[in-house]
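Working notes, beginning with the structure itself.
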Amino acid sequence: MDSNNDFIKDWLEGKISQEEIQSKKRNEDPVVKDFHELITKSARLKTPETVKQDDAWKKLSAHIESDKSTDTKTIQLKRWIPLSIAAAISLFIVAFLFLNRTTTISTPLAEIKTHILPDGSEVILNAGSEIEFKAASWSSNRKVTLKGEAFFHVKKGSSFTVATASGNVTVLGTTFNVNARSSTFAVSCYTGKVKVDHGTSSVTLTKGLATSLHKDALSPAQAFDDTKSTWREGDFYFNGTPLHMVLSELERQFNVNITFHGDSTRLYHGYFSNKDLDQAMIMVLKPMSLHYERDTNQGIIVK
C-alpha cells in the first residue's frame, strides 16, 4: 500500500516516466489502473457554459460539508482505497476550476481603459464595455468575449478570437476595432488581416477595410479612413449615423442621461470630442437645428 502511495505521489510530481506507468499497468496493478483512468477522464472535462466557476465551487463545498459523516464511514470501512486517490480527486477539482476561471475587465461610463492580456496583446476598452477571458489557459486558447467596443493590438502567435453576441472575429496578429453593442456589430482592420464571421457568412478584411451587420448579414468589405483620429483619443466621427446612436455615445462618454422625443432616426454627419460636454452637445445638435437644456436631475433634455 505504501509503495503505491509513494508511486502516485511521484507521478503527481512528474517524477514517473511513461515507461514506468505502462509497466505498472501491464502488471495489472488496480490502484495505478484506476488512477490512470481518473487522469484520462479528467482531461476531457469541460465547464458547463451555464454554470459560473464561483457557483460551482460553492455547490461543491456545500456537498462536501453535508457528506462529511458518510465520507468518514467510507474510509473506515474501505481502507483499501488509498488516501492519495482522494487527494488527487480534490487536486483535479481545484485545478479544473482554476483553469476555467474567467477574468472580467470592464469600464464604467465616461472612462476609457487600456488592459494588457496575458500574452502582451493590448486591448483598449471604450466606455461602458466589458471583456472576459481565461488567463490560466490563455497560452492554448486566446479567446476574448466582448460586450461593447474595443480596439485590439494582437501579438503574433496562435489564433486570437474575439467572440460577441453578433459574430466572431479571428486573427493571428494585427490591430483592429470591434463595436458589438446591442444594435451594432462593426469591425475595422488597421493592420494585418481579420476574418469576421456571422452565422454562415464570412468576410475577410485587410488594412483599411471594414464591415458591419445590416439586416442579419455582413456588408461587403469597404474602405474607411484609418488615418483619422478615433475614440481611443477621445474623438468620435459619424457618417450617416442615426441620431439615437450618437446620443447614446454622448451618454456613455459623459455619464449623463439624455432625453429626446423627436425623430431619433435622423442621420448625423459630424464629430464630437469627449473633453467638454457642452461643446460636444453643440457640435451634434446645432447642425440638426436642435438645442438642449439641463433638467433638475442633472440630465439633459434635447428639443
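The values are calculated or read from the model by the stated rules, or taken from the named source; none is laboratory data. Bear in mind the structure is a predicted one, so any value in this text is a computation, not a measurement. Note: ideal-geometry Cβ built from the backbone for every residue, glycine included; neighbour counts use all protein chains shown.
Things worth noting here:
- Scanning the stretch 214-235 for residues that are outside any strand (DSSP E or B), on the phi < 0 side of the Ramachandran plot and not basic (Lys, Arg) yields 219, 220, 221, 224, 225, 226, 227, 229, 230, 231, 233.
- Residue within the stretch 283-295 that is under 19 Å from residue 108 (Cβ atoms) and loosely packed, with under 15 Cβ neighbours inside 10 Å present: no
- Filter result for residue 263 (over 26 Å from residue 163 (Cα atoms), free of Cβ contacts under 8 Å to residues at least 60 places away in the same chain, surrounded by fewer than 17 Cβ atoms within 10 Å (Cβ to Cβ) and in contact with a helix residue (DSSP H, G or I) (Cβ under 8 Å, 6 or more places away or on another chain)): yes
- Checked against (1) modelled with pLDDT under 95; (2) out of contact with any Pro (no Cβ under 7 Å at 6 or more places or on another chain); (3) within 20 Å of residue 106 (Cα to Cα), residue 173 meets all criteria but (3).
- Within the stretch 213-222, the residues that satisfy the criterion of being surrounded by fewer than 16 Cβ atoms within 10 Å (Cβ to Cβ) and touching a strand residue (DSSP E or B) at 6+ places or on another chain (Cβ under 9 Å) are 216, 217, 219, 220, 222.
- Residues satisfying the stated conditions in the stretch 105-120, i.e. surrounded by 15 or more Cβ atoms within 10 Å (Cβ to Cβ) and aliphatic (A, V, I, L, M): 105, 110, 112, 117
- Among residues of the stretch 214-240 that are closer than 17 Å to residue 273 by Cβ and free of Cβ contacts under 8 Å to residues at least 40 places away in the same chain, those with a beta-carbon under 6 Å from a residue that is in a strand (DSSP E or B) and hydrophobic (A, V, I, L, M, F, W, C) at least six positions away or on a different chain give the pairs 236/272.
- Against the criterion of being under 27 Å from residue 159 (Cα atoms), touching a residue at least 24 places away in the same chain (Cβ under 8 Å) and surrounded by 13 or more Cβ atoms within 10 Å (Cβ to Cβ), residue 195 qualifies.
- Of all residues in the stretch 155-213, those satisfying the criterion of being more than 17 Å from residue 132 (Cα to Cα), polar (S, T, N, Q) and in a strand (DSSP E or B) are 175, 188, 191, 201, 202, 204, 206, 211, 212.
- Unique residue being within 21 Å of residue 231 (Cα to Cα), at pLDDT below 95, surrounded by fewer than 19 Cβ atoms within 10 Å (Cβ to Cβ) and not assigned by TED's automatic domain parsing to the domain that holds residue 253 when the list is 201, 137, 183, 158: 183
- Complete set of residues in the stretch 153-184 that are in contact (Cβ under 8 Å) with a residue 24 or more places away in the chain and among the basic types (Lys, Arg): 155, 181
- Check on residue 272, closer than 19 Å to residue 212 by Cα, within 33 Å of the chain's Cα centre (by Cα) and not in a helix (DSSP H, G or I): no
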